[in-house]
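Input: a single structure, listed below in structure tokens.
The values are calculated or read from the model by the stated rules, or taken from the named source; none is laboratory data. Bear in mind the structure is a predicted one, so any value in this text is a computation, not a measurement. For accessibility, only protein heavy atoms count, side chains too; no ligands or nucleic acids. Shrake-Rupley method; radii C 1.70, N 1.55, O 1.52, S 1.80 Å.
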Amino acid sequence: AYCDKVPKNEEELLSSNVGDIVVAYTVWSLKKGLGRKIILDGVKTIKDTFRLSRFVTLSPKTEMATKFHLSNGAVLIGESPWANNFEYDIHPS
């Protein structure tokens, strides 16, 4: 989703105005390594698109999701009772 703020839950995601923050919601794959590829390809694509300011997730509060995002370079930027938000750096190095 393209949002104008970082959503803390599904309701905020669905009611957000269109903005320049890319929000990935529940990235999942049955094939080992494909979820990582999806996220990292998304980071690369967003880096190449200068009109987008941030790439964040609205992720389930599970150990698996936390380990996944932290091991792929994201930073935990927010927690709610329902979800965690992680952010990937999309600014060119």
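Do the sum for the chain: with -39,500 (n - 2.57) for every DSSP H run of n ≥ 4, divided by all residues, what is the mean residue ellipticity at 222 nm, to the nearest 500 deg cm²/dmol?
Calculated mean residue ellipticity at 222 nm is -9000 deg cm²/dmol.
Given a 1.4 angstrom probe, I'd like the percentage of the accessible area of the chain that is carbon and sulfur, rounded to a whole number. Don't skip to the answer; put the middle values down first.
Values: 3540 of 6120 Å².
Roughly 58 percent of what the probe reaches on the chain is carbon or sulfur.
With springs only between Cα atoms under 10 Å, which of E63, E12, E79 fluctuates most in a Gaussian network model of the chain?
Of E63, E12, E79, the Gaussian network model singles out E63 as fluctuating most.
What whole-number value in Å² describes the accessible area per residue of the chain for a 1.4 Å probe? Don't jump to the answer; show the numbers that get you there.
Numbers: 6120 Å² over 93 residues.
Here the residues of the chain average 66 Å² of exposed surface.
When the distances between all Cα atoms of the chain are binned every 5 Å from zero, what whole-number percent does each bin get?
Pairs per bin, as whole percents: 3, 14, 26, 26, 20, 10, 2.
Any idea of S71's accessible area? Nearest 10 Å², probe 1.4 Å.
We get 90 Å² for S71.
Enumerate the amide H contacts of F86 below 5 Å, restricted to partners 5 or more residues apart or on another chain; note that Pro and chain-start residues carry no placed amide H.
Hits under the 5 Å cutoff: T57, S59, I77.
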